[in-house]
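These notes are about the structure you will find just below.
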Amino acid sequence: MLAEAKPDSMMALQEAARLLAVFPAGNISEAVLDARSTAYETALEDVPAWAVAAAGKRWIRGEVAILEDRPNLSFPPSPPQLRALALDEWAKARGALWRYRRLLEGKTERVVPPEARRVPPKAMLPAMGG
């Protein structure tokens, strides 16, 4: 199950490298390349590779609304941007897993009939649209 996948930093780094290959850089020194690699590895070391791949697809599609800084999609994502997108993908999968597990448990919710409900205090009514 994707939501329970264990993070693998090497696989996540490979997914990031695959994304970065789409945005070729000019003449980059070996030192800069090593620094970038280390930065991406640090950012993605605890994130499953599938989430990094999904984040890369979102970047390519321009589906980055959760990023508040309005990134320039002509350039590759920074390590924190890619991490934020990957964590968002992972959170979606974990949320779905939680909902499915609750559904499979078959527990019924307690339904309180309207006549048994307490009347809310008058001070709360305006906040509730009433």
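By the scheme Lys and Arg +1, Asp and Glu -1, what is the net charge of all other residues having a beta-carbon under 15 Å from that of Ala21? Numbers along the way, then the final one.
Numbers: positive: Arg18, Arg36, Lys57; negative: Glu15.
With Lys, Arg at +1 and Asp, Glu at -1, the net is +2.
Among [x] 21, 18, 13; [y] 43, 20, 11; [z] 26, 18, 14, which one is semi-axes √(5λ) of the Cα gyration tensor in Å computed from these coordinates?
[y]
Can you give me the distance in nm between label points at Ser37 and Asp69, each placed 7 Å from the Cα along the Cα-to-Cβ direction?
2.4
Which whole-number value in Å² is the accessible area per residue of segment 1-83, probe 1.4 Å? Mind showing how you got there, number by number?
Values: 5240 Å² over 83 residues.
Ligands and nucleic acids excluded, the figure is 63 Å² per residue.
What is the Cα centroid distance between segment 80-111 and segment 35-55, reported in whole angstrom?
Cα centres, segment 80-111 to segment 35-55: 21 Å.
What's the longest uninterrupted piece of the chain once you rule out the trypsin sites (Lys or Arg not before Pro) that are loop residues per DSSP with at most 14 other Cβ within 10 Å?
Values: sites that count: Lys107, Arg110, Arg117, Arg118, Lys122.
Formally, the longest exposed-site-free interval is 1-106.
In nm, to one decimal, how far is the Ile60 label point from the Arg101 one, both placed 7 Å along Cα→Cβ?
Here the answer is 3.2 nm between the modelled labels.
Could you work out the relative contact order of the chain? I mean the mean sequence separation of Cα pairs under 8 Å and 6+ apart, divided by the number of residues, in percent.
On the way: 100 pairs, mean separation 38.0, N = 130.
The normalised contact order for the chain reaches 29 percent.
The values are calculated or read from the model by the stated rules, or taken from the named source; none is laboratory data. This is a predicted model, so every value here is computed, not measured. Methodologically, a virtual Cβ is constructed for each residue, glycine included, from the backbone with ideal geometry; neighbour enumeration extends over all protein chains shown. In case anyone asks, the SASA skips ligands and DNA or RNA and just uses the protein heavy atoms, side chains included. Shrake-Rupley method; radii C 1.70, N 1.55, O 1.52, S 1.80 Å.
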